Every structure is written in structure tokens, then in C-alpha cells.
Amino acid sequence: MTMVMLTALGVGGATVIGAIVGFCFKNISHKFSDIMLSFAAGVMLAAAVLGLILPSVEYGGKFGLVVTVLGIFAGAISLAAIDKLVPHLHKLVGVEDESHANANLSKVLLFVAAIAIHNLPEGIAAGVGFGSDNNAQALLIAGGIALQNIPEGMVIIGPMLAAGVSPKRTFFCAMLTGLVEVFGTLIGYYAVNIASIILPFALAFAGGTMLYVISDEMIPETHAHGSQRGATFALLVGFCIMLMTDTLLG
């Protein structure tokens, strides 16, 4: 349990680390941000496939493949439904223009709220990983999610400051988005421990949510600013590093 709690704090704390970096470097280039986010996407992709989806098939027994496919689509559909209910702003057009700061404040807060909501299933994915009793694999999953949270924390800062939010409140909002992930990790861990029979479905569900985030948000965002080639290779590097790590630890 101690390891799960430390992991939860680490996953949530990664957002705070990103926020601190965002304060220090307010004008991070799109190219650098895209490459970092693509690397994180590659890590998350490997974590989703190797740490969640393949174990789901293995633990599901006779009907493992069916349960896994259903779980993947259930996770993706759930996040798609969240996107419908809470509009997710992929781009904050105009927030850098301080003359329109007040007009853009509601858009920025919506953006932050959307990040917080999307952090919940990511946290659940980290917690569910521990249900397989393979702590090394669970830590790899959590590490992949944490890596993705760092650039996520970075991108929160600039728009909020430009919209007129004070540095204290901006940092507090970043902390809240990370705290959501801490709760998500604990929810995922306790859910599969209370009812271990749901483990295969829960693993696939968590994998589906991660695949959705990668495909629907991370990849389009990293290909939107002219850095497609670098972003693609950064994703491959992230994926291969996770693949090698998983193989060596396995």
C-alpha cells in the first residue's frame, strides 16, 4: 500500500513539477513542447499495450480477448462521453493576448477543468496496474503517465497567467489537477482489490482510456505546429525505451 500511495503522489506531483517548469520558462517553444509531449505519448502507448492490454488478455482466461476488446472500447467511449459533456479545448486561441485576458479567462478555466477531468481515468489506470501484482510493470505504467503529466502541467501556466490569474492561484489550480490523479490512482487500486474478478476488464478499460488520450489529444496536438517529423520520432523513441525497459525488467 505504501508503494501505491507513493506512486499516486508521484503521478499527481508530476503535474506540479511541470507547473514549476512552466513558471520558470513561460515562453517554451511549440517545437520543444511537441517533442516532449510526443515522447510522453510513446511512453504511454507502450505502457498501455504492454502493461494493461496484454495482461488483460492474459488474466481474462478463456474469454480474455473478448473482455479486453470490450474493455478498450468501454474506456474510449467513456472518455469520448466526457468530451461531449465537458468541451475540451485542444487549443487556446488568443490567450497570449493580454488585452483580451478577461474574455479568455473562462476558456482557460474550462481548459484546466478538462485536464483535471481527464486526469481521473489516467490516475485509475496507474492504480489498476497494481492489481496485477506485477509492481515493476505497474511502476512503468505510472511512470509513463507521470511523464505525460509534466508537459501537461507546463501548458497550464502560460494561458492562466496571460488571462490575469495570479501566480498563487495558477499554481493552486495546477496542484488541483494533480490531486485528481492521486484520487484516481487510489480508486483504481482499491477497485481491483475489492473485486479482483473485474481485473481483466479494468486493465483493458484503463488501456482504452490511455489509447484514446494518445490518439485524440496528444498526437493531434503535437502535429499542429509544424513539428510532425520530430514529434513522430520522439514518439518512437519513447515507445522503444519503454519496450526495452519492460523487456529487461520482465
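The values are calculated or read from the model by the stated rules, or taken from the named source; none is laboratory data. These numbers were taken from a predicted model, which means no experiment stands behind them. Ideal geometry is used to build each Cβ from the backbone, glycine not excepted, and the neighbour counts take in all protein chains shown. SASA here: full protein model, heavy atoms, side chains in, ligands and nucleic acids out. Shrake-Rupley method; radii C 1.70, N 1.55, O 1.52, S 1.80 Å.
Mind listing which chymotrypsin sites (Phe, Trp or Tyr not before Pro) in segment 7-60 are in a DSSP loop and have 14 or fewer other Cβ atoms within 10 Å?
Here the chymotrypsin sites (Phe, Trp or Tyr not before Pro) that fit, given the DSSP loop and packing criteria, are Phe25.
Using the beta-carbon distance between His225 and Met175 and R0 = 30 Å, what value does 1/(1 + (r/R0)^6) give for FRET efficiency, to the nearest 0.05?
Plugging the Cβ-Cβ distance into 1/(1 + (r/R0)^6) gives 0.60.
Report the FRET efficiency, 1/(1 + (r/R0)^6), for Phe73 and Phe32, where r is their Cβ-Cβ distance and R0 is 35 Å, rounded to 0.05.
Between Phe73 and Phe32 the formula returns 0.50.
Using only protein heavy atoms and a 1.4 Å probe, report how much of Cys240 is accessible, in Å² to the nearest 10.
Surface open to solvent at Cys240 totals about 60 Å².
Could you compute how much accessible surface Asp83 exposes when probed at 1.4 Å, giving the result in Å² to the nearest 10?
30
Using the Karplus curve 6.51 cos²θ - 1.76 cosθ + 1.60 with θ = phi - 60°, what ³J(HN,Hα) values do you get for each residue of segment 54-69, in whole Hz, with x for Gly and Pro?
Karplus-based 3J(HN,Hα) across segment 54-69 equals 5, x, 4, 4, 5, 6, x, x, 4, 9, x, 5, 5, 4, 5, 4 Hz.
Pulled fully out, how much extra length does the chain show between Cys24 and Met3, if you take 0.36 nm times their separation in residues and subtract their Cα-Cα distance? Please list the in-between numbers first.
Working: separation 21, 0.36 × 21 = 7.56 nm, distance 3.05 nm.
Length gained, Cys24 through Met3: 4.5 nm.
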